[in-house]
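Worksheet for the structure shown next.
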Number of protein chains: 2
Amino acid sequence: MAAAGAGGEDGQLKVLGAWPSPFVNRVRMALHLKGLEYENVEEDLADKSELLLASNPVHKKVPVLLHGGKPVCESLLILEYLDDAFPGAGPAVLPADPYDRAVARFWAAYVDGKLHGAMVAALLGATEEARAAATADAFAALDALEGALAERSGGKGFFAGDAPGYLDVALGGFIGWLRAWDRIAGGIKLLDAGRVPLLDAWAERFAALDAAKGVIPDPEPIAEFAKVLQARSAAAAASS
Amino acid sequence: MAAAGAGGEDGQLKVLGAWPSPFVNRVRMALHLKGLEYENVEEDLADKSELLLASNPVHKKVPVLLHGGKPVCESLLILEYLDDAFPGAGPAVLPADPYDRAVARFWAAYVDGKLHGAMVAALLGATEEARAAATADAFAALDALEGALAERSGGKGFFAGDAPGYLDVALGGFIGWLRAWDRIAGGIKLLDAGRVPLLDAWAERFAALDAAKGVIPDPEPIAEFAKVLQARSAAAAASS
């Protein structure tokens, strides 16, 4: 991260997060891209802090960005807020062109709706059949994102062109999980270079950025965390 | 609507919509608030046009805003686009202050996630028990929005203060369904003046705006449309 960003001068940016969360990690990556300093607070999701519960009483979820003590919730909305509140700090995360902004927002919403939804269902589905169907949905979502990358990047390295932006960090938060998938799901590779070559190369490129290094979790801890989630989900289903 | 807005001068704004859709209606209300002229194209959702399928190939849903032929999808993102693409046309829909923008976006996402989700489940739930639980969720969502209105409006008439804005149109699109609920659900009133007096008064005030008149559907046709949805949903469940 940058040494002396606007957030540091303002002195009061804090992220309430959790290392495996794609939503937390996209926020941290955006802060890094913009060169904004912040305090990273790791929440215990099994025992959430009073600060988290008070900051996001509606959803009680990470990430929360605290700016001068005021909470901003929902990761994509935090990205918007960073551009709105720190227009002079580093590059804008969102594209400047209105239409490009709309398209980037569309695909980020798609990541959260379709890709994330399919990955959760593929992980926690009650039956093997349900998990297989969800895995097919995840592949379809990645195919669509491969198409968006081909169309949006104009042959350059990132969704936003030469430099990473909103959609790059929106999807970039998922790279840890995508890379860990073969460990989680018995060898199924979601980021398959044969199927989604552009996305696979993009993920390599994005993960090598200073903004992403140290944020993207390694496959092994993600796979272990996934097992905990699966066990918890199975136990909840068995007791209901 | 305004007689000669920027959309008219640009000559090329078109909404692909459907009269019962809260999402379509919020877009039309925002266009009216901003004084942007547009062509309203009513889609037959049982037989979608080639233009709709080509404009929103990913979700195949209304609304789509076409601007000079280029499609913008997802209603909340269309609201953002209108401010971005027509900064000089009428009042901005979103608040100017970064934090107020974040809060308005948060509650609009809440409307789409929690309130809409609960209303759909209350309408189409497979069992009476499921529908009752979803109705309780809808009441809880409206309670939360009552709190947000108390906090955000500062005692003024709208979520955004003296004049309606982003969150007003985001929720305003649902007024037709909220008002029709007692006909849909055997007398259950969602906009209950005893329970959510501020929201009830807000809905009256919003519905009386020129921007909303002619867009909010009457209770009777909504209730009939709801019956069609319920019959279709029951038939699909019976055949699966």
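We did not get these values from a lab; they are worked out from the coordinates using the rules stated. Bear in mind the structure is a predicted one, so any value in this text is a computation, not a measurement. Please note: Cβ atoms are built from the backbone with ideal geometry, for glycine as well, and neighbour counts cover all protein chains shown.
List of remarks:
- Pairwise centroid distance, computed over Cα atoms, of the range A:20-36 with the range B:184-240, Å: 40 Å
- With a 10 Å cut-off around each Cβ of B:94-102, the average count of Cβ atoms from other chains is 5.
- Within a Gaussian network of chain A (alpha carbon springs, distance under 10 Å), most fluctuating of A:Ala104, A:Ala122, A:Ala132: A:Ala132
- MRE, 222 nm, helices only [DSSP H, n ≥ 4, -39500 (n - 2.57), over chain A, to nearest 500]: -17000 deg cm²/dmol
- Neighbouring Cβ atoms from other chains, within 10 Å of the Cβ of residues in A:75-84, number 4 on average.
- Rounded, prolate or oblate (a/c below 1.5 giving rounded, otherwise prolate when a/b exceeds b/c) for the range A:200-240 by Cα gyration tensor: prolate
- Cα-centred dipole magnitude for the protein assembly as shown, charges only on beta-carbon of K, R (+1) and D, E (-1), debye, nearest 20: 520 debye
- Burial ordering of B:Thr127, B:Thr135, fewest other beta-carbon atoms within 10 Å first: B:Thr127, B:Thr135
- Residue-count net charge about B:Gln230 - beta-carbon cut-off 15 Å; Lys, Arg +1, Asp, Glu -1: +2
- Other-copy label distances relative to A:Gly155, 7 angstrom Cα-Cβ extension, nm: 6.3
- Ordering of A:47-56, A:92-101 by packing [mean C-beta count within 10 Å, highest first]: A:92-101, A:47-56
- Inter-copy label distances at A:Arg183 (7 Å, Cα→Cβ; nm, one decimal): 5.8
- Shielding by other protein chains, A:85-92, mean Cβ within 10 Å: 1
- Per-residue packing, averaged as other Cβ atoms within 10 Å, sorts the ranges B:106-114, B:226-234 into the order B:106-114, B:226-234, beginning with the highest.
- Positive dipole terminus of the protein assembly as shown, leading residue within A:Gly90, A:Ala231, B:Ser21 (C-beta point charges): A:Ala231
- With respect to the axis relating copies B and A by rotation, the chain B residue whose beta carbon is closest, plus that distance in Å, is B:Glu80, 4.
- Label distances, nm, A:Ala96 versus same residue in remaining copies, Cβ-directed 7 Å point: 2.3
- Fraction of antiparallel bridges per DSSP, the protein assembly as shown only, in percent to nearest 5: 70 percent
- DSSP bridge orientation in the range A:6-85 - percent antiparallel, rounded to nearest 5: 65 percent
- Taking other residues whose beta carbon is less than 14 angstrom from the beta carbon of B:Ala150, and scoring Lys, Arg as +1 and Asp, Glu as -1, yields -1.
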